[in-house]
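The values are calculated or read from the model by the stated rules, or taken from the named source; none is laboratory data. For clarity, every value in this text was computed on a predicted model and none was experimentally measured. Cβ sites come from the backbone with ideal geometry, for glycine too, and all protein chains shown count toward neighbours.
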Amino acid sequence: MKPKTFYFLMIVCLFILGFAGPRADQKQEIRRAIAFKEDLCLTQADWFPYRLNVDAEGNIYVLSGKEQTFIVFDSSGRERSRRQIAKGQGPGEFSDFEFVFDKSGRLFAADWAQRRLTVFNKDFRIDKIEKLNLYGDQFLMDSEGQRYFLAYQILAKTRERNRVVLTRCDANGKILKEIASYEWGPRRRGDGTFEEDLYRIQLKYTLDPQDNVYYAFSNKYEVFIVSPEGDPIRTIKKDAKTRKVTKEDIDRLLPPSSSKSPYKYIIPEHVPSIAGVFPLKNDYLLVVTFEKTGQDMALAGDLFDGGGRLVTTVAVPRYYHWDFLLAPQKSKALVRGDYFYTIEADADEENFWVKRYKIVWE
C-alpha cells in the first residue's frame, strides 16, 4: 500500500470513529432519566401496613396494624398466607419487630424492646432465638449475613440524649465496626425544661446488591458510600438551598402547645436536605429530598450517575411517612432490582396501599 493511500485511510477511519463517539455518548445521555410505572396495587379493608419487605423470589411481606397481622403476597399480588403475631415474651411472640431475609430465604425478626432476634425458616417455624446485645432500629442484612443497625447508646450524664450509631455486626451479632454516629434527643436547659428540634437530624442508610453502604445525615446534602469493609468509595455532594419551612409543615409536625409542657420546640428556617437514599442499577443513585414537585402525589428525587454527577431531578411516588421527621423512621419504600415498592396513604391516612412500580429508564 502506498504511503499516501495509507494516510488517507487513517484519516477517514479517525473521522468515522470521531463521528461515532458522540453518537454512542448521546445514546448514554438519553438513558439518564427514570420514571415509575405502577404495575401492582394491594389494599385491604381496615389495614395499616407499616412494615414492608420483599424476598428474593419477589414475594411481598407486610406487617399491618396494632394487632400485627403478617400478610404474605406472591409476586402477582395473590395473598399466600396471613398470621396473627401474638404479643408477649414467649417463643414466636413479639412486642414489635423488624424483619429481613438472608440469602437462603430465612426470616430474621428483631424485637428491639425485648432485645431478641428470632430466626424463622421458610415454613415460618422457629430455627433459633438469639439475645441482642444492643437496642436499635433500621435492621438490614447484607449478602454475607452481616447485620446493620442504628444502635442507641445513652450519652453520659444524660438520660434524654442518645448517641445513634450506624453499626455493623457479624453473622453472630458481634459488633465489628461503628460506621457513623450523631447525637439525638432533647437538650435539658438550666431551668429544667427541654429544647427539642422540630426537624431532628436523622441518619438515612441502605445497602446495595454489592453490600456497599450508603448513608447520609438529613441536614446536609452529602451521601457517603463505603465498601463492606468500611473503606470510602465516594462522597456525593450537592450545593442546594432547601425550601423554607412553611406554616403547613409546622402545623403538620408541631405537637399541640401546652403551657404545662416542659418542651420548647426549635423551628428551623429550612427543611432538611435528604429524606432517603436508594441505590439503583449500574451504580446510579436516587436521593429523595424534602423539596416539592408541584404534584400532590410525587416527591422530588435527584438522580446521580456512577461517577457521582447529578443527572436530573425526577418525580418519585409519595411513599408514606416520607416527611415524618420527629424521630428516626425507616422509609416506607425500597428498591429490589427493577422495582420500587412503597406503602402509600390518602390525605386523611384512612386508606393505605402497598404498591410496586417498574423503574423505567428513559
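Of the listed requirements (1) more than 27 Å from W47 (Cα to Cα); (2) at pLDDT below 90, D346 misses just one: (1).
Hey, could you check region 127-147 for residues that are assigned to a loop (DSSP other than H, G, I, E, B) and polar (S, T, N, Q) and say which is farthest from W112 (Cα to Cα)?
Applying the first criterion (assigned to a loop (DSSP other than H, G, I, E, B)) to region 127-147 yields 132-134, 142-146.
Now restrict to residues that are polar (S, T, N, Q): 133, 143, 146.
Numbers: N133: 10, S143: 22, Q146: 18 Å.
This residue is S143.
One line per residue, one yes/no per condition, for (1) modelled with pLDDT under 90; (2) among the polar types (S, T, N, Q); (3) under 19 Å from the mean Cα position of the chain (by Cα); (4) surrounded by 13 or more Cβ atoms within 10 Å (Cβ to Cβ):
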{"residue": "F15", "(1), (2), (3), (4)": "yes, no, no, no"}
{"residue": "R31", "(1), (2), (3), (4)": "yes, no, no, no"}
{"residue": "K37", "(1), (2), (3), (4)": "no, no, no, no"}
{"residue": "S81", "(1), (2), (3), (4)": "no, yes, no, no"}
{"residue": "F99", "(1), (2), (3), (4)": "no, no, yes, yes"}
{"residue": "F108", "(1), (2), (3), (4)": "no, no, yes, yes"}
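Tell me, please, whether a residue that is assigned to a strand (DSSP E or B), among the hydroxyl-bearing types (S, T, Y) and within 23 Å of D137 (Cβ to Cβ) can be found in region 70-81. No, region 70-81 contains no residue that is assigned to a strand (DSSP E or B), among the hydroxyl-bearing types (S, T, Y) and within 23 Å of D137 (Cβ to Cβ).
Taking the listed residues D39, D96, the one that is acidic (D, E), in contact (Cβ under 8 Å) with a residue 12 or more places away in the chain and either assigned to a loop (DSSP other than H, G, I, E, B) or within 15 Å of F120 (Cβ to Cβ) (or both) is D96, with no other qualifying.
When the residues of region 294-319 are narrowed to those that are surrounded by 14 or more Cβ atoms within 10 Å (Cβ to Cβ) and free of Cβ contacts under 8 Å to residues at least 24 places away in the same chain, which ends up nearest to K355 (Cα to Cα)?
From region 294-319, those surrounded by 14 or more Cβ atoms within 10 Å (Cβ to Cβ) are 298-305, 308, 310-311, 313-319; that's our starting set.
Add one more test, that the residue is free of Cβ contacts under 8 Å to residues at least 24 places away in the same chain, and what stays is 298, 300-301, 313.
On the way: A298: 14, A300: 18, G301: 18, T313: 22 Å.
Among those residues, the one meeting the criterion is A298.
For region 254-286, which positions are in a helix (DSSP H, G or I) and touching a residue at least 40 places away in the same chain (Cβ under 8 Å)? Before you say what the answer is, go through the steps one by one.
Going residue by residue through region 254-286, those that are in a helix (DSSP H, G or I) are 281-283.
The one that is in a helix (DSSP H, G or I) and touching a residue at least 40 places away in the same chain (Cβ under 8 Å): K281.
Highlighted here are the strands (runs of 3 or more DSSP E) found entirely within region 148-214 that include at least 3 residues which are more than 18 Å from the chain's Cα centre (by Cα) and modelled with pLDDT of 90 or more: 175-184. Within region 221-253, restricting attention to residues that are surrounded by 14 or more Cβ atoms within 10 Å (Cβ to Cβ) and part of a loop (DSSP other than H, G, I, E, B), the residue that is modelled with the lowest pLDDT is A240. Within region 70-92, residues that are farther than 26 Å from Y341 by Cβ and without any contact (Cβ under 8 Å) to a residue 24 or more places away in the chain have Cβ atoms under 9 Å from residues that are of a type in the set (G, A, S) and assigned to a loop (DSSP other than H, G, I, E, B) in these pairs: A86/G92; K87/S95; G88/S95, counting only partners at least 6 apart in sequence or on another chain.
Here's the yes/no breakdown for (1) in contact (Cβ under 8 Å) with a residue 24 or more places away in the chain; (2) surrounded by fewer than 19 Cβ atoms within 10 Å (Cβ to Cβ):
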position	(1), (2)
S181	no, yes
G185	yes, no
G190	no, yes
T193	yes, yes
Y199	yes, no
Q202	yes, no
T206	yes, no
N219	yes, no
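Starting from region 235-251, take each residue that is more than 28 Å from D283 (Cα to Cα) and list its partners that are among the hydroxyl-bearing types (S, T, Y) and surrounded by 12 or more Cβ atoms within 10 Å (Cβ to Cβ), counting only C-beta distances under 8 angstrom and pairs at least six apart or across chains. Listed by first residue and then by second, the contacts come to V245/Y199.
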